[in-house]
1. How large is the translational diffusion coefficient of region 172-227 in µm² per second when you combine the Kirkwood radius over alpha carbon pairs with Stokes-Einstein at 37 °C and 0.692 mPa s?
2. Read phi for every residue in region 157-174 and hand back ³J(HN,Hα) as whole Hz from Karplus 6.51 cos²θ - 1.76 cosθ + 1.60, θ = phi - 60°, with x for Gly and Pro.
3. So what are the ³J(HN,Hα) numbers for region 29-40, from phi and the Karplus equation (6.51, -1.76, 1.60; θ = phi - 60°), rounded to whole Hz, Gly and Pro as x?
4. Quickly work out the Arg164-to-Ala93 label distance, labels modelled 7 Å from Cα along the C-beta direction, and quote it in nm with one decimal.
5. On average, how much accessible surface per residue is there in the chain, in Å², for a 1.4 Å probe, leaving out ligands, DNA and RNA?
6. Length gain on complete extension for the stretch Ala222 to Arg27, per 0.36 nm per residue less the alpha carbon to alpha carbon distance?
7. In the chain, carbon and sulfur make up what percent of the accessible area (probe 1.4 Å)?
8. For Lys173, which aspartates and glutamates qualify as cross-link partners when the Cα separation must be under 15 Å and same-chain residues fewer than eight apart are set aside?
Amino acid sequence: MTPLILLPGMMCDARLFGPQIDALSNRVPLMSFPLCQQDSVEAMAAEILKNAPPRFALAGLSMGGIVAMEVLRQAPARVERLALLDTNPLAEASEVKARRAPQMATVREGRLRQVMRDEMKPNYLADGPRQGAILDLCMAMATDLGPDVFLRQSQALMDRIDQRATLSAYTGKTLVLCGRADGLCPVEHHQLMHDLLPNSVLTIIEDAGHLPTLEQPQETTAALIRWLEDS
């Protein structure tokens, strides 16, 4: 079967896809690429393509989805199928970009945990019984990656390009998925991507916010399996 590459979101690692890795590891060859060493989306995508198999399925969540779209732009023939989870095809909005510089300054002062706690984590999840444990995992992933990764990823997101033309040109099987309560990448972004992609399925996960892979892992995994096995 075609290998599946998983791209995690900002300040996350493969643990973001922990339930999916457990469920899919016996079905498909899996790879997860950290988005840590480059400070542009273009460079991140180029590094993935340098190390990826010749042809692959590609799934990215949030920043991982943004990088996945750039991988598709750079090498569309290598992407057999695409899954875009809780992400955004547009260039960074000016109001979001304006918030980046103060966040980056705070992180440079040694207060990464404060930024994650006060400005990022509250935007992640829907209410639910597992919210505390998931937020603790998010903090652990962020602190393990550290401030330099936060700064590089912030710069990459600020400078990213609009990928609507990339999506409209892609005819591979595509899953567009998000949590109903995602406050960072709302449902309308995913409706836009679904409308642009000629061979896509739109799946909305109820009782989930920005991280449905962890909030509603069984439903998210089932959607990914349907996408992978759809011939």
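1. It comes out at roughly 293 µm²/s.
2. Karplus-based 3J(HN,Hα) across region 157-174 equals 5, 4, 9, 5, 9, 6, 10, 4, 5, 4, 5, 5, 8, 8, 10, x, 5, 10 Hz.
3. Listing the rounded values in order: x, 10, 9, 10, 9, x, 10, 10, 9, 10, 10, 9 Hz.
4. Distance between label points: 1.5 nm.
5. 42
6. 68.9 nm
7. Carbon with sulfur: 50 percent of the solvent-accessible area.
8. Hits, sequence-local ones excluded: Glu80, Asp195, Glu229, Asp230.
The values are calculated or read from the model by the stated rules, or taken from the named source; none is laboratory data. These numbers come from a predicted model, not from an experiment. Every residue, glycine as well, gets a Cβ built from its backbone with ideal geometry; the counts of neighbours run over all protein chains shown. Ligands, DNA and RNA are excluded from the accessible area calculation, which covers all protein heavy atoms including side chains. Shrake-Rupley method; radii C 1.70, N 1.55, O 1.52, S 1.80 Å.
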